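Some notes on the structure that comes next.
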Amino acid sequence: MPTEETGYDPTLGRKFIFVTGGVMSGLGKGITAASTGRLLANAGFDVTAVKIDPYLNVDAGTMNPYQHGEVYVLKDGGEVDLDLGNYERFLGVDMTSDHNVTTGKVYKTVIERERGGDYLGNTVQVIPHITDDIKRRIREAAEGTDVCIVEIGGTVGDIEGMPYLEALRQFAHEEDEEDLLFTHVTLVPYSKNGEQKTKPTQHSVKELRSIGLQPDILVGRSEEQLDPSTKEKIALFCDVPTDAVFSNADVEDIYHVPLMVEEEGLDAYVMERLGLTEEALPAAERDDRWRRLVTRERTGEVDIALVGKYDLEDAYMSVHEALKHAGLERGVEVNVRWVDSDEMTADGDPSGEHAERLRDCDGVVVPGGFGSRGTEGKVEAIRYAREHDVPFLGLCLGFQMAVVEHARNVLGLSGAHSAEIDPDTPHPVIDLLPEQTDEADMGGTMRLGAHETAIEPGTLAHDVYGDDSCVERHRHRYEVNPTYIERLEASGLTFSGRAGRRMEIVERDEHPYFLGTQFHPEFRSRPDRASPPFVGLLDAVLDESDPRDEGESGEEVTV
Ligand code: GLN
């Protein structure tokens with residue numbers, strides 16, 4: 001029950017959906033949760049999400065994207081887990097760093113408070129001090145919304161996750177039963193003879209119950225929909241009604257998960273359990289833009305090369321999604337062709353399998369990155385796009401390498417490079433600004449989050465954005481070196497977007513579409529609000545080739 005000391009105000013009417021995972025990680029519980037959220041938003045509710053990452057890092061900023069997937073950047077500059085990107089894209093909301101709770105953040109706060117003498121001589125402990133801070137963070141992030149989805153990373157039973165599950169147990173104790181829902185997502189594997197096995201689910205629910213948590217809803221991830229007998233078995237052993245057991249089968253495109261979840265009736269069940277049915281918009285009045293968008297017929301397909309370091313494709317998740325969104329906007333299928341920059345040679349023409357793949361593509365994207373590995377391959381890919389009039393989009397490091405490529409091969413500044421990658425380059429066309437190096441402290445400071453760029457009228461960038469300015473998210477340290485700008489511009493480049501002394505957008509005068517951005521437009525791209533530079537790239541490709549459908553003209557591709 002709500003109590004005074006919890007600070008909970010029952011009049012706010014907030015509802016919480018807690019999502020835990022069992023058996024193994026990587027089941028896509030975030031997508032299941034985000035899809036449920038999308039459906040609640042379609043029904044007229046204000047939905048937000050909190051992702052809990054039980055690791056000790058304070059944020060994801062220092063984590064290697066080739067091990068953990070991309071570092072997603074929020075408008076406030078928060079460097080967060082890529083799941084937040086999925087929540088922003090599915091829910092259509094902008095979040096802040098407060099929506100990514102990590103063990104590092106929680107302990108940092110509690111330890112700082114302890115040092116500040118806030119605990120009045122008490123022993124500072126996991127329970128109640130850590131758990132109180134966890135609950136406070138969840139409640140604050142939920143403020144002002146109708147429903148808050150809270151996803152706990154990892155699986156039940158992980159040591160790191162224990163304080164969070166204990167905090168959830170307390171939550172259940174403190175709030176009205178009608179305001180909380182516990183959803184547990186587990187794996188339902190198949191036996192050799194094709195039978196769906198529920199034992200792992202039973203074990204993981206047992207584990208959950210031993211901590212004092214009883215799930216209200218079970219979602220079984222499996223290749224196919226759960227058989228009715230599987231659902232009954234899970235219901236019986238896990239103590240939930242059969243109609244509280246849902247399947248989440250494999251789909252080719254994650255944007256179809258909300259449609260599948262709706263078909264299963266998960267959203268209807270959630271609304272009923274949370275007492276939201278009456279407030280929900282009637283079915284006929286619900287927002288069906290998502291469905292229309294993702295089931296839209298495609299009139300052709302295009303192949304776009306994404307030139308990066310491919311230890312893990314998730315490292316480029318938002319770029320991949322932004323390309324998909326541009327495809328949704330233009331009604332074409334975008335096939336992303338992974339081209340490994342490590343595999344490309346720096347001497348002369350690209351050669352080998354990856355270079356060939358590059359040559360087969362209609363457009364080239366060079367995404368962001370750090371460090372020297374693969375940069376020469378990226379420069380080669382850019383050179384190829386420039387020399388062959390292939391539509392090109394460079395993002396952050398891709399923008400910087402476009403400047404390097406031009407300096408070397410057009411302006412003839414041999415050995416030109418970014419000082420980040422070659423500190424001894426004779427021509428540091430990309431460098432820290434003098435004011436960054438002057439102040440010792442500033443040298444390593446990353447420029448993060450949303451910043452405004454002024455766009456020069458009459459340029460490609462202005463056509464693309466249709467505006468005199470844009471606000472996009474950043475994550476970089478290095479800049480175009482001001483001492484080279486005049487020479488770069490006199491030889492065929494235009495810096496059409498600027499923020500004071502910082503060059504933000506570059507384009508080529510003589511090229512069908514050659515655009516580079518120091519910012520990361522992919523982080524603002526949404527299925528129903530495709531990012532302008534990505535749509536521009538697609539338009540240039542479609543202009544060149546007419547919607548390509550491999551000779552079978554007129555045949556429409558449906559998803
Ligand atoms: N490494 C480059 C910089 O720090 C580019 C960063 C990026 O691509 N996100 O400026």
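Table: residues versus (1) of a type in the set (A, V, I, L, M); (2) away from the ligand (no atom under 16 Å from the Cβ); (3) at pLDDT 95 or above; (4) surrounded by fewer than 23 Cβ atoms within 10 Å (Cβ to Cβ).
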| position | (1), (2), (3), (4) |
| --- | --- |
| 475 | no, no, yes, yes |
| 502 | no, no, yes, yes |
| 510 | no, yes, no, yes |
| 517 | no, no, yes, no |
| 523 | no, no, yes, no |
| 528 | no, yes, no, yes |
| 535 | yes, yes, yes, yes |
| 540 | yes, yes, yes, no |
| 543 | no, yes, no, yes |
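Give 251, 257 a once-over and let me know the one that is surrounded by 15 or more Cβ atoms within 10 Å (Cβ to Cβ) and of a type in the set (Val, Ile, Thr). Matching residue, one of 251, 257: 257. With respect to the conditions (1) touching an Asp or Glu at 6+ places or on another chain (Cβ under 7 Å); (2) modelled with pLDDT of 95 or more, residue 360 lacks only one, and its number is (2).
Counting only strands (runs of 3 or more DSSP E) that fall entirely inside the stretch 375-465 and contain at least 3 residues that are away from the ligand (no atom under 13 Å from the Cβ), the qualifying elements are 447-455. Screening residue 230 with (1) crowded, with 18+ Cβ neighbours inside 10 Å; (2) over 28 Å from the mean Cα position of the chain (by Cα); (3) within 18 Å of residue 182 (Cα to Cα); (4) of a type in the set (S, T, N, Q) gives one miss only, at (3). The set of residues in the stretch 53-79 that are of a type in the set (A, V, I, L, M) and under 30 Å from residue 286 (Cα atoms) contains only 74. For the condition within 16 Å of the ligand (Cβ to nearest atom) and either without any contact (Cβ under 8 Å) to a residue 24 or more places away in the chain or out of contact with any helix residue (DSSP H, G or I) (no Cβ under 8 Å at 6 or more places or on another chain) (or both), residue 360 does not qualify. Please tell me if residue 496 is over 24 Å from residue 383 (Cα atoms), polar (S, T, N, Q) and without any contact (Cβ under 8 Å) to a residue 60 or more places away in the chain. For residue 496, the condition - over 24 Å from residue 383 (Cα atoms), polar (S, T, N, Q) and without any contact (Cβ under 8 Å) to a residue 60 or more places away in the chain - is not met.
The set of residues in the stretch 286-304 being hydrophobic (A, V, I, L, M, F, W, C), over 17 Å from residue 89 (Cβ atoms) and at pLDDT below 95 is empty.
For the stretch 304-333, a residue qualifies if it is more than 14 Å from the chain's Cα centre (by Cα) and either surrounded by fewer than 18 Cβ atoms within 10 Å (Cβ to Cβ) or in a loop (DSSP other than H, G, I, E, B) (or both), and the qualifying residues are 309, 310, 311, 312, 331, 332.
The values are calculated or read from the model by the stated rules, or taken from the named source; none is laboratory data. Because the structure is predicted, anything quoted here is derived from the model rather than measured. Positions of Cβ are backbone-derived with ideal geometry, glycine not excepted, and every protein chain shown enters the neighbour counts.
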